[in-house]
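Undergrad: There's a structure below that I have some questions on.
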Amino acid sequence: MAETKVEETASSPAADARAERKAAKLAKQIKAFAGAHGGAEGQLAYIGQMGTRIVLVGEDGAWGDLVAPNNAVAVSAAEKSGITLHESFDGDFAAKVRTGPYEWSRMAGIQVGGPSNA
C-alpha cells in the first residue's frame with residue numbers, strides 16, 4: 001500500500017496577527033453593544049463559508065449580530081469581551097429578545113398586518 005502523507009496546515013504568523021486584530025475589533029464592538037444595553041449575552045452560529053455569526057442580546061432586550069470569519073475568532077472575541085455564551089438560542093435566552101414594529105412587519109409580512117405583497 002502506498003503511504004499517504006497528511007499535511008498539517010499551520011497558520012502563518014501574519015494570519016494569526018490578522019485573526020487577533022479581528023477578534024479585538026469584534027470584542028470592542030461587543031463591549032460597546034453591552035455598554036449601551038446594560039450588558040449582553042451571546043450565542044455563536046456557524047453560517048458556512050461566511051464564518052460564524054455572533055448573536056447578541058442585551059439586558060434591555062435589544063439584539064444584534066456580528067460576523068466573524070471563523071469560529072476561533074468568534075470565540076476569542078466573545079472571551080475578550082467577557083460576555084456569557086449560550087450553546088443554543090432557546091428558552092430563557094430567546095425570551096429576552098424584544099422586537100418592535102419593524103421586526104414584526106419584516107417577519108410576519110401580510111400574515112399579521114404587515115405590508116401587503118401587492
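Undergrad: Under 7 Å between Cβ atoms, which residue pairs at least 6 apart in sequence (or on different chains) link something in region 71-91 that is over 14 Å from Ala40 (Cβ atoms) with a partner that is assigned to a helix (DSSP H, G or I) and open to solvent by 50 Å² or more (accessible area, probe 1.4 Å)?
TA: Hits for this filter: Val73/Lys22.
Undergrad: Something else: Tell me whether region 40-49 contains one or more residues that are in a loop (DSSP other than H, G, I, E, B), under 26 Å from Ala95 (Cα atoms) and touching a strand residue (DSSP E or B) at 6+ places or on another chain (Cβ under 6 Å).
TA: yes
Undergrad: Do the conditions hold for Ala23, that is, is it at pLDDT 95 or above, loosely packed, with under 14 Cβ neighbours inside 10 Å, touching a strand residue (DSSP E or B) at 6+ places or on another chain (Cβ under 9 Å) and outside any loop (DSSP other than H, G, I, E, B)?
TA: Taking the combined requirement at face value, the residue does not satisfy it.
Undergrad: Can you tell me which condition Val75 does not meet? The list is (1) modelled with pLDDT of 95 or more; (2) open to solvent by 90 Å² or more (accessible area, probe 1.4 Å); (3) β-branched (Val, Ile, Thr), and all the others hold.
TA: Evaluating Val75 over (1) modelled with pLDDT of 95 or more; (2) open to solvent by 90 Å² or more (accessible area, probe 1.4 Å); (3) β-branched (Val, Ile, Thr) leaves (2) as the failure.
Conditions tested, residue by residue: (1) over 14 Å from Ile83 (Cα atoms); (2) of a type in the set (S, T, N, Q).
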| site | (1), (2) |
| --- | --- |
| Ala19 | yes, no |
| Lys22 | yes, no |
| Lys28 | no, no |
| Gly42 | no, no |
| Gln49 | yes, yes |
| Val57 | no, no |
| Ala72 | yes, no |
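Undergrad: For region 78-93, which residues satisfy the criterion of being surrounded by 13 or more Cβ atoms within 10 Å (Cβ to Cβ) and either touching a strand residue (DSSP E or B) at 6+ places or on another chain (Cβ under 6 Å) or at pLDDT below 90 (or both)?
TA: Result: Ala78, Ile83, Leu85, His86, Phe89, Phe93.
The values are calculated or read from the model by the stated rules, or taken from the named source; none is laboratory data. In this text, all values refer to a predicted model and were calculated from it rather than measured experimentally. Ideal geometry is used to build each Cβ from the backbone, glycine not excepted, and the neighbour counts take in all protein chains shown. Side chains are part of the model used for accessible areas, which takes the heavy atoms of the whole protein and leaves out ligands, DNA and RNA. Shrake-Rupley method; radii C 1.70, N 1.55, O 1.52, S 1.80 Å.
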